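Engineer: Here's a structure for you.
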Amino acid sequence: MEKHWKSVVSRSVCDYFFEQQRKINNPEDIPPVIATPHYYLISIYRSNMYFVAVCMTEVPPLFVIEFLHRVVETFDDYFSECTESIIKENYVVVYELLDEMLDNGFPLATESNVLKELIKPPTILRTIANTVTGKSNVSATLPTGQLSNVPWRRTGVKYTNNEAYFDVVEEVDAIIDKAGSTVFAEIQGYIDCCIKLSGMPDLSLSFMNPRLFDDVSFHPCVRFKRWEAERILSFIPPDGNFRLMSYHIGSQSVVGIPIYIRHNISFKDIGGGRVDITVGPRQTVGRTVENVVLEIPMPKSVLNCILNPSQGKYSFDPVTKILVWDVGRIDISKVPNIRGTINVQAGAPLIESNPSINVKFTINQLAVSGLKVNRLDMYGEKYKPFKGVKYITKAGKFQIRM
């Protein structure tokens, strides 16, 4: 699918992108910026799809990357998920959204609640009515917020239940060496909000320990000078779901690793090898580690794995050679273990290096950095809203070397 703004660019420019794609094993390893003789190709990989922007002039790459992420998030918000099949089903709405989000190649309306006033989200009834009448989803009137000094919030918002929910999500990126020591660890965090408040509320959010942040990036609604002076987030929120801030913790703080893995793998035995892996929680403050999945990309000469897991189930793909152990929830009283034999191709050269383990996990009601929200105050409106904060720790790029 393609969309042109300033002028039509030949589709053959994608050949440079496909050429880079052929050189890589992992789809996420493609260079985000590819320079061609006449254009720059700037891309992101989300939801098993590539989103590629073709730029004719030099432009800050992060600006374009941020816009592409905003496009995907808008599709997520409109269609509840962003997949290849959903984009195919909603071609018309996708083109209408891209028309409003960029004007002559410059970002225009990127706020979801402003876009929803311009272009109505698709429903089954609206789709049928548009097909019969030949009408489009595009509104005939300009959104009320578009011309105000708070363009991210529509005017005249009314709710019977006024609620403000905050999700503090932290993703741990780590590399653990063979001995169990941390080679590298940092936290990429973000605060997602669901704000359903009437009128034009002005919110202030403070933290117990704001000095933890090494680097931050904010939604345009946040007053940056107030943050710099007092380390308080002061903002008039958009209506609905949005990402208030993203942050990075790593260089100054010692990042706690919430999970340990004891592993023993050997390919030296006659006709194959053995594997023995145990996984357990560490530094979780009594919280349960859930949705644990271990992925091990095996060497090409491995034919099959015959394993016995004490918990969960495992699968081995003979084509991609990836062993996946879906552990699930870890019970502290009985830590999960998997062991068994590995069948290696006869006559194959000796495997010198062991594979690494990619780990996924989730811990609810825990921010592994120790970040805590202190209080949320509201000004400008008389009612008392219902407020809630939820903490989640997840694995980002979490790798253990064997």
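The values are calculated or read from the model by the stated rules, or taken from the named source; none is laboratory data. Computed from a predicted structure; not experimentally measured. Every residue, glycine among them, receives a Cβ derived from its backbone with ideal geometry; neighbour counts consider all protein chains shown. The protein model used for the area step is the full one, side chains on, heavy atoms only, and it has no ligands, DNA or RNA in it. Shrake-Rupley method; radii C 1.70, N 1.55, O 1.52, S 1.80 Å.
Engineer: Can you pull out the residues in segment 195-248 that are open to solvent by 40 Å² or more (accessible area, probe 1.4 Å), hydrophobic (A, V, I, L, M, F, W, C) and out of contact with any Phe, Trp or Tyr (no Cβ under 8 Å at 6 or more places or on another chain)?
Structural biologist: The answer is 200, 208, 229.
Engineer: Something else: Identify, please: which residue in segment 43-60 is among the β-branched types (Val, Ile, Thr) and out of contact with any helix residue (DSSP H, G or I) (no Cβ under 7 Å at 6 or more places or on another chain) and is, among those, surrounded by the most Cβ atoms within 10 Å (Cβ to Cβ)?
Structural biologist: The selected residue is 59.
Engineer: Would you mention how many residues in segment 14-42 are of a type in the set (A, V, I, L, M, F, W, C), open to solvent by less than 70 Å² (accessible area, probe 1.4 Å) and closer than 26 Å to residue 89 by Cα?
Structural biologist: 3
Engineer: Output the residue which, of all residues in segment 105-114 that are under 25 Å from residue 237 (Cβ atoms) and not in a helix (DSSP H, G or I), is most open to solvent (accessible area, probe 1.4 Å).
Structural biologist: Looking at residues that are under 25 Å from residue 237 (Cβ atoms) and not in a helix (DSSP H, G or I), I get 108.
For every residue, the table says whether it meets (1) farther than 24 Å from residue 217 by Cα; (2) among the aromatic types (Phe, Trp, Tyr).
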{"residue": "46", "(1), (2)": "no, no"}
{"residue": "61", "(1), (2)": "no, no"}
{"residue": "67", "(1), (2)": "no, yes"}
{"residue": "74", "(1), (2)": "no, no"}
{"residue": "92", "(1), (2)": "yes, no"}
{"residue": "95", "(1), (2)": "yes, yes"}
{"residue": "107", "(1), (2)": "no, no"}
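Engineer: Between a first residue in segment 365-389 that is in a loop (DSSP other than H, G, I, E, B) and a second residue that is of a type outside the set (S, T, N, Q) and open to solvent by 60 Å² or more (accessible area, probe 1.4 Å), which pairs have beta carbons less than 7 Å apart while being 6 or more apart in sequence or on different chains?
Structural biologist: If the second residue must be of a type outside the set (S, T, N, Q) and open to solvent by 60 Å² or more (accessible area, probe 1.4 Å), the pairs left are 365/287; 366/285; 366/287; 372/208; 380/200.
Engineer: Quick check: is even one residue across segment 342-357 in a loop (DSSP other than H, G, I, E, B), out of contact with any Leu (no Cβ under 9 Å at 6 or more places or on another chain) and open to solvent by less than 30 Å² (accessible area, probe 1.4 Å)?
Structural biologist: yes
Engineer: Of all residues in segment 295-330, count the ones that are in contact (Cβ under 8 Å) with a residue 24 or more places away in the chain and not in a loop (DSSP other than H, G, I, E, B).
Structural biologist: Residues flagged as in contact (Cβ under 8 Å) with a residue 24 or more places away in the chain and not in a loop (DSSP other than H, G, I, E, B) within segment 295-330 amount to 19.
Engineer: Right, another one. Only one of (1) crowded, with 17+ Cβ neighbours inside 10 Å; (2) over 27 Å from residue 186 (Cα atoms); (3) small (Gly, Ala, Ser) fails for residue 369. Which number is that?
Structural biologist: The number of the failed condition is (2).
Engineer: If you don't mind, there's one more thing I want to ask. Among the listed residues 289, 285, identify the single one that is in contact (Cβ under 8 Å) with a residue 24 or more places away in the chain, open to solvent by 70 Å² or more (accessible area, probe 1.4 Å) and within 29 Å of residue 186 (Cα to Cα).
Structural biologist: Among 289, 285, only 285 is in contact (Cβ under 8 Å) with a residue 24 or more places away in the chain, open to solvent by 70 Å² or more (accessible area, probe 1.4 Å) and within 29 Å of residue 186 (Cα to Cα).
Engineer: Could you run through segment 274-294 and say how many residues are in a strand (DSSP E or B) and of a type in the set (Ser, Thr, Tyr)?
Structural biologist: 1
Engineer: How about segment 161-185: which of its residues are within 30 Å of residue 260 (Cα to Cα), open to solvent by 40 Å² or more (accessible area, probe 1.4 Å) and among the charged types (D, E, K, R)?
Structural biologist: Passing the criteria: 167, 171, 177, 178.
Engineer: For segment 258-273, state whether one or more residues are in a loop (DSSP other than H, G, I, E, B), polar (S, T, N, Q) and modelled with pLDDT under 85.
Structural biologist: No, segment 258-273 contains no residue that is in a loop (DSSP other than H, G, I, E, B), polar (S, T, N, Q) and modelled with pLDDT under 85.
Engineer: Can I ask one more? Enumerate the strands (runs of 3 or more DSSP E) found wholly within segment 1-104, keeping only those where 3 or more residues are in contact with a strand residue (DSSP E or B) (Cβ under 7 Å, 6 or more places away or on another chain), closer than 28 Å to residue 116 by Cβ and among the hydrophobic types (A, V, I, L, M, F, W, C).
Structural biologist: Ranges flagged: 49-55.
Engineer: Continuing with this model, one more query. Condition check: aliphatic (A, V, I, L, M) and either touching a residue at least 40 places away in the same chain (Cβ under 8 Å) or closer than 21 Å to residue 233 by Cα (or both). Does residue 335 satisfy that?
Structural biologist: For residue 335, the condition - aliphatic (A, V, I, L, M) and either touching a residue at least 40 places away in the same chain (Cβ under 8 Å) or closer than 21 Å to residue 233 by Cα (or both) - is met.
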